[in-house]
């Protein structure tokens, strides 16, 4: 940076500090008596040095009561300022050296603003500081050497350099958009060198390990199988970047990745309650871990996530392997779809002509088996089978010997539905603790979703509507249940296709947008 620019930034910092000191001198005696003088003064000084066009720091003033613990974006612990979280607040100006007076501060997040000037070396005196994020600002110079002696600092993120714990080490912090590009040695350390005891699961795309990052964050690391390696780094980064931009409360959000010559790893938040598949077989105090209302809630959450992938993303994302083992449960037992977008990543290493159907054998829709191509209606088919899993609680959808001899599980479900005998289809662990009307509707929706021809299946927007309020489910099933009785290839196959009322799906799409956002 030119010397003139540096002098201008320094002058602005000095001027802001002078104004702030004058403002701090006006603090009322009452405020000084009731609260930590130094912290109140420091915050007023910090505010004065920043330019705040949106007024988000408007209450950082003793006129509001002088209690910093009640100010916006300030978190306290036992009366001391514990955290400042000023992410994405349109702030500019400079960061005052007064920041160093917040001796109890443990977390400072200033990322994604336009703060300029040098990084104050007084930060080095903040002995309690553990996390510091200064990224995506306009700071000048390097990270002060005083930060190198901070014993408790676990992670610092900036646009210049980074310091992380592991005997202070320096080097570039690499990001792809908001996704962190982890170093392979950090992933190895987090997973204890990919120890088998840390394996959470294994599927067609790779092995998932539980890991613990240096800042104590628990993560899930997916180590992709080697046929992904044929794709070049640029192409892989592009696809990972697209997946990382997809944010919805019912989709597992990608937080970072790692690439080497022979490794491709994806880093996700850890979901503490495992998969729906595993939870379906658990008991809590003699009762099923997932009762009927929870299963219905899971169905609706997954439907909303798929609706977002199909009708809100551009380009749309096809999952291609919807099943209970790919649905995770967060700490509140809310369903989160995992592995979306991975089919595309895997296909980066093969010809653009797809010759292999992706998915789990026995769950691949007919059109994918015949052509190898998938569409959003392929996911609808998989969702229908997921509903069958939720109803039956089965580990596999294969029927037992002598259980039903006239077809597969979908044929059996249809026959039981017509004979009004669905009680024998429900997971025995639930016993009679379910709503018979909701059960009938869920099976009807499952059968509509798994119809032979893709064009006979509903869109996910209509599925969401049917699950939310049972809107015309019985009528839709009555209109469609016999539409595929004739040979689908017959020239006389002229049965009308049910209009799933595409226009009415607009409200569902708006609701999906409202549900979007970071978890």
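The values are calculated or read from the model by the stated rules, or taken from the named source; none is laboratory data. Values in this document were obtained by computation on a predicted structure and should not be read as measured data. No Cβ is skipped: glycine too gets one built from the backbone with ideal geometry, and neighbour counts run over all protein chains shown.
Per-structure values
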| quantity | calculated |
| --- | --- |
| Check on residue 473, at pLDDT below 90 and either more than 26 Å from residue 279 (Cα to Cα) or not assigned by TED's automatic domain parsing to the domain that holds residue 290 (or both) | no |
| Qualifying residue in the range 29-45 (condition: in contact with a strand residue (DSSP E or B) (Cβ under 8 Å, 6 or more places away or on another chain) and at pLDDT below 85) | yes |
| Residue in the range 349-356 that is modelled with pLDDT under 95, in the same structural domain as residue 327 (by TED's automatic domain parsing) and crowded, with 18+ Cβ neighbours inside 10 Å present | no |
| Failed item, numbered, when residue 239 is tested on (1) in the same structural domain as residue 201 (by TED's automatic domain parsing); (2) farther than 28 Å from residue 377 by Cβ; (3) outside any loop (DSSP other than H, G, I, E, B) | (2) |
| Filtered residue count, the range 309-330, keeping only those that are under 21 Å from residue 373 (Cα atoms) and assigned to a helix (DSSP H, G or I) | 4 |
| Only listed residue being closer than 21 Å to residue 44 by Cβ, modelled with pLDDT of 85 or more, part of a loop (DSSP other than H, G, I, E, B) and in contact with a strand residue (DSSP E or B) (Cβ under 8 Å, 6 or more places away or on another chain), chosen from 84, 129 | 129 |
| Scan of the range 158-185 for residues that are under 22 Å from the mean Cα position of the chain (by Cα) and at pLDDT 85 or above, ordered by number | 180, 181, 182, 183 |
| Residues of the range 87-97 satisfying the condition of being buried (at least 17 other Cβ atoms within 10 Å of the Cβ) and not in a strand (DSSP E or B) | 89, 91, 95, 96, 97 |
| Residues (farther than 21 Å from residue 463 by Cα and outside any loop (DSSP other than H, G, I, E, B)) located in the range 274-302 | 275, 277, 278, 279, 283, 284, 287, 288 |
